[in-house]
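Participant: Dropping a structure here in structure tokens format, bear with me for questions.
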Amino acid sequence: MKLQQRLSWDVLAGVLTWLLVFGLSLYLCWPDPALNARLPWAIPLFLLYGACFLLITRPGERLAADQGIGLVLYMLQLSSALALNWLLPLDYLAILSIIWVSLLPHLVRFSRALLIAVLVLALWFSVDAYLEQRSLLIPALLYGSFHLFALLMTKQARSEQQARQQLEQQHQQLVLAQQLLKASAQQQERSRIARDLHDVLGHHLTGLIIHLQVAEHQSNSESQPTLATCQQLARLLLADVREAVSELRQHRVLDLQQAVTELATALPRLQLHSDWQAELPLTSVQQAEQVLLIIQEALTNSLKHSGATQVQLLTRQEPQGVLLQISDNGQLHSDWVAGNGMLGMQERAALLGAELECKEAQGHMQLQLRLPLEAV
């Protein structure tokens, strides 16, 4: 698991293939004076190709192609491979184009990736055919099948990755629904007990106190102290019942700390650090649901838009209410803009009468939710 977090297996296979091609090229070129003279140019190109590949596929940045830097790295990687093919007369260098093509489905749709692969392959073997003055149709077809295989495998891997992400989100939603159902059942049971205590026991105690007052007025002097004591005990018992009813109705409706921890557990790639300095002013399951959904969307955004591995959750008491702040260690894409997820969080915050702000702090995503002392 640790190895997979640092370097996924497909990336490791690409690195090992690049190293094999690099090492074999050095081995074949070293004894040949003509090819040896080209190594001062070839070695930097090999290193540039490998560096671009590692930067593109580093953890959390596999989809970095939608940024300007990602596109530049893709083009540099392809350019270095084409330059090596022109510089060194080694047929197997087309393997470098296979590694590059395997990354295309992370950059564009599969149909477009297939078209680009055909164009690159045609350019590659056209240059080879021109330099060698011979037909390379059969090698082109063979390498074309390898390119297609690489594209299909990457497409399948991407589909499985997206399916896993969807399962993770659905699992989060199931965990959240389970927590809310449990909290709702507990709240309903507490409300029922509170009503019974207030309506039944409180009613009978009030009646008992009234009858004790009447009995005290009608009794002789010897029994009055005893009746007064009974009346005092009944009043104390009624006060205790009312206090118990108030505590039941004011009881926290949901253990948010536990619920948030379980939500984060459903995202194994994300480590949550919590600092609960203040309790959120929530009085119903519906309010807790809105806050949990906001936190869930924030965690999903940290994974999706910034590639974060750690999230810090902080609650702090403020003069006008309680601040809930969520920040991560990821890096926001340069062209990131708020989407439907952010709009949904704004709507949920409005239902709570709260203020929601999502901003960039030193390249990291930071969300601040300010809840009033009494949520709507």
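Participant: Which residue out of Ser159, Ser219 is open to solvent by less than 40 Å² (accessible area, probe 1.4 Å) and modelled with pLDDT of 70 or more? If you could, list the steps in order and put the result at the bottom.
Facilitator: Details: Ser159 fails: open to solvent by less than 40 Å² (accessible area, probe 1.4 Å).
Testing whether each residue is open to solvent by less than 40 Å² (accessible area, probe 1.4 Å) and modelled with pLDDT of 70 or more leaves just Ser219.
Participant: Follow-up question, since we're still on this one. Can you pull out the residues in the range 310-325 that are under 20 Å from the mean Cα position of the chain (by Cα), open to solvent by 70 Å² or more (accessible area, probe 1.4 Å) and at pLDDT 85 or above?
Facilitator: Matches in the range 310-325: Gln312 only.
Participant: Further, regarding this structure: In this structure, is Ile210 within 17 Å of Leu314 (Cβ to Cβ), part of a helix (DSSP H, G or I) and either at pLDDT 80 or above or of a type outside the set (A, V, I, L, M, F, W, C) (or both)? Step through it out loud before you land on a result.
Facilitator: Numbers: within 17 Å of Leu314 (Cβ to Cβ): no; part of a helix (DSSP H, G or I): yes; either at pLDDT 80 or above or of a type outside the set (A, V, I, L, M, F, W, C) (or both): yes.
For Ile210, the condition - within 17 Å of Leu314 (Cβ to Cβ), part of a helix (DSSP H, G or I) and either at pLDDT 80 or above or of a type outside the set (A, V, I, L, M, F, W, C) (or both) - is not met.
Participant: If we scan the range 125-145, do we find a residue that is open to solvent by 30 Å² or more (accessible area, probe 1.4 Å), touching a helix residue (DSSP H, G or I) at 6+ places or on another chain (Cβ under 7 Å) and closer than 21 Å to Ser8 by Cα?
Facilitator: Checked the range 125-145: no residue is open to solvent by 30 Å² or more (accessible area, probe 1.4 Å), touching a helix residue (DSSP H, G or I) at 6+ places or on another chain (Cβ under 7 Å) and closer than 21 Å to Ser8 by Cα.
Participant: Okay, next question. Out of Asp128, Asp91, report the one residue that is touching a Pro at 6+ places or on another chain (Cβ under 7 Å) and more than 20 Å from Val72 (Cα to Cα).
Facilitator: On the way: Asp128 fails: touching a Pro at 6+ places or on another chain (Cβ under 7 Å).
Only one candidate passes the filter, namely Asp91.
Participant: Looking only at the range 229-258, which residues are surrounded by 14 or more Cβ atoms within 10 Å (Cβ to Cβ), among the small types (Gly, Ala, Ser) and modelled with pLDDT of 75 or more?
Facilitator: Ala234
Participant: I would also like to ask the following. Scan the range 267-309 residue by residue and report those that are at pLDDT below 75, of a type in the set (Gly, Ala, Ser) and either assigned to a helix (DSSP H, G or I) or more than 14 Å from Asp328 (Cα to Cα) (or both).
Facilitator: If the condition is that a residue be at pLDDT below 75, of a type in the set (Gly, Ala, Ser) and either assigned to a helix (DSSP H, G or I) or more than 14 Å from Asp328 (Cα to Cα) (or both), then Ser284, Ser306 are the ones that fit.
Participant: Moving to a separate point now. Regarding Pro139, is this residue within 24 Å of Leu28 (Cβ to Cβ) and not in a helix (DSSP H, G or I)? Write out each step before concluding.
Facilitator: On the way: within 24 Å of Leu28 (Cβ to Cβ): yes; not in a helix (DSSP H, G or I): no.
Criteria not met by Pro139.
Participant: Identify all residues within the range 76-102 that are closer than 17 Å to Lys155 by Cβ, among the aliphatic types (A, V, I, L, M) and open to solvent by 10 Å² or more (accessible area, probe 1.4 Å); write none if there are none. Before you say what the answer is, go through the steps one by one.
Facilitator: Taking the range 76-102 as the starting set, the residues that turn out to be closer than 17 Å to Lys155 by Cβ are 98-102.
In the following step, the residues that additionally are among the aliphatic types (A, V, I, L, M) were identified as 98-99, 101.
Matches in the range 76-102: Ile98, Ile99.
A quick yes/no check of all residues on (1) in a helix (DSSP H, G or I); (2) at pLDDT below 80:
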| residue | (1), (2) |
| --- | --- |
| Ser327 | no, no |
| Gly330 | no, yes |
| Asp335 | no, yes |
| Ala338 | no, yes |
| Arg348 | yes, no |
| Glu360 | no, yes |
| Leu369 | no, no |
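Results for (1) modelled with pLDDT of 85 or more; (2) in contact with a helix residue (DSSP H, G or I) (Cβ under 8 Å, 6 or more places away or on another chain); (3) closer than 24 Å to Gln161 by Cβ; (4) not hydrophobic (A, V, I, L, M, F, W, C), shown as yes or no for each residue.
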| residue | (1), (2), (3), (4) |
| --- | --- |
| Tyr49 | yes, yes, no, yes |
| Leu54 | yes, yes, yes, no |
| Glu61 | no, yes, yes, yes |
| Gly70 | no, yes, yes, yes |
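The values are calculated or read from the model by the stated rules, or taken from the named source; none is laboratory data. Keep in mind that what you see is a predicted model, and the values were worked out from it rather than measured. Here the Cβ is made from the backbone with ideal geometry for all residues, glycine too, and neighbour counts use every protein chain on show. Just so you know, the surface numbers come from the protein's heavy atoms only, side chains and all, with ligands and any DNA or RNA stripped out. Shrake-Rupley method; radii C 1.70, N 1.55, O 1.52, S 1.80 Å.
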